[in-house]
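Read-outs throughout are calculated quantities, based only on the coordinates presented, and are distinct from any laboratory measurement. Just so it is clear, the model here is predicted, and its values are computed rather than measured. Methodologically, a virtual Cβ is constructed for each residue, glycine included, from the backbone with ideal geometry; neighbour enumeration extends over all protein chains shown.
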Amino acid sequence: MKSFNLSLLVIIVSTTFSIQVRASDDLVLNTKGGLYIHELKDYDLSSSVFLDNQRLLAIRHKDKNFLIYGIPYDSELGENSLEIKINNEIRRLDFNIKPKFFDTQKIRISSKYSNLSLASQERVVFESNHLKQAKDYWYNIFPDLKFTIPANGIVTGRFGTKRFYNGKAGNPHNGLDIGAEKGTKIMAPSAGKIILTGHYYYNGKFILLDHGMGLKSIFIHLDEILVEKGQLVKKGELIGKIGNTGKSSGPHLHWSLILNKTYIDPEYFLNSQIIDYFSLKVE
């Protein structure tokens, strides 16, 4: 599987978007960076669902139990399958990954971030491993899936956008970028536990927030971090302020959402009717 590093907003030579998120009718679930939703029949939520020894998100909604699986961006289109394990029983789930159009952005970045010194390379490797360990953390609580937008501003980059940095192809964008003035408040989009904060070479100042059951948010390029590791936060609680730290050429918030250790499009969780939409679209 290809690595999918955090891509960070810099100067964008393309159209910006309004803060309004996509309507649920425009969302394609079974796609790269999307979600596979499956009703779990004859299943008790007291049991855990596993995929290759990794626990997956399972929730109860309207008297039904659902598996919600984040589809990796580098998945092959067409027919796919999962073999999940519940109480030592193996279940094969077949589903189809549909194509989706992703925009293209041309971005200019400082040579500091395109031609790394040996010391900077070593730092990036260390920080990447450190973040990976934090993402392995399991917070055993059911998440509130009706998220709110974490900051006011304009959407300057969406998930999956194909990016070219100084003319060279880079990794697809793995989050939602919100441009705003430095110091703009960042609110928790859903309740959770702070499991890591820090200042990385690429990310700048960042916060990793665990919403439970393998669903995590990471907020990067911050000017201020207003929470501490281990702190519990409520939906809408102030956690930081927008900045321009790390690999960034202008104040903005990069928000990524992680599910079963893969990056998914945050906009799937920003529609107030999304849970009901899930219920109608399950396979």
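How about Lys261: which lysines have a C-alpha closer than 17 Å to its C-alpha, ignoring those fewer than 8 places off in the same chain?
Excluding near neighbours in sequence, the set is Lys2, Lys32, Lys132, Lys135, Lys193, Lys216.
Relative contact order of the chain, please, whole-number percent, based on alpha carbon pairs below 8 angstrom and at least 6 residues apart.
Taking the mean separation of contacting Cα pairs over the length of the chain, I get 23 percent.
In segment 167-261, which trypsin sites (Lys or Arg not before Pro) fall in coil by DSSP and have 11 or fewer other Cβ atoms within 10 Å?
On the way: sites: Lys168, Lys182, Lys185, Lys193, Lys205, Lys216, Lys229, Lys234, Lys235, Lys241, Lys247, Lys261; in loops: Lys182, Lys229, Lys234, Lys235, Lys247, Lys261.
Sites meeting the loop and neighbour criteria: Lys234.
Which one of Asn203, Asn80, Asn53 has the biggest mean-square fluctuation once the chain is modelled by GNM with Cα springs under 10 Å?
It is Asn53.
Quick check on the exposure proxy: order Val233, Val124 from fewest to most C-beta atoms within 10 angstrom.
Ascending number of Cβ neighbours within 10 Å: Val124, Val233.
Pick from Ser249, Ser114, Ser217: which is most flexible by mean-square fluctuation in a GNM of the chain where alpha carbon atoms under 10 Å apart are linked?
Ranking Ser249, Ser114, Ser217 by mean-square fluctuation puts Ser114 first.
In degrees, nearest 10, range 0 to 90: what is the angle between the Cα axis of helix 118-135 and the longest Cα principal axis of the chain?
With both axes taken from Cα atoms, the answer is about 30 degrees.
Please arrange Thr104, Thr184 by how many other C-beta atoms lie within 10 Å of their C-beta, fewest to most. Can you show the working numbers first?
On the way: Thr104 10, Thr184 19.
Sorted ascending by nearby Cβ count, the order is Thr104, Thr184.
Cα atoms only: what Rg and Dmax, in Å, come out for segment 76-133?
20.3, 52
For segment 25-99, what is the convex hull (Cα atoms) projected area averaged across all directions, in square nanometres?
In nm², the orientation-averaged hull projection of segment 25-99 is 5.5.
Suppose every Lys and Arg Cβ carries +1 and every Asp and Glu Cβ carries -1, with no other charges. What dipole size does segment 86-215 come out with about its Cα centre, to the nearest 20 debye?
Using only the charged Cβ atoms, the result is roughly 460 debye.
To make sure I understand, if each residue's beta carbon is the centre and we count other beta carbons within 10 Å, what order do His130, His173 fall in, fewest to most? Before the final figure, lay out the partial values.
Details: His130 12, His173 28.
Exposure proxy ranking, most exposed first: His130, His173.
Can you compute the FRET efficiency between Ser111 and Asn244 using 1/(1 + (r/R0)^6), with r the Cβ-Cβ distance and R0 = 22 Å? Round to the nearest 0.05.
On the way: r = 18 Å, r/R0 = 0.80.
The value I calculate is 0.80.
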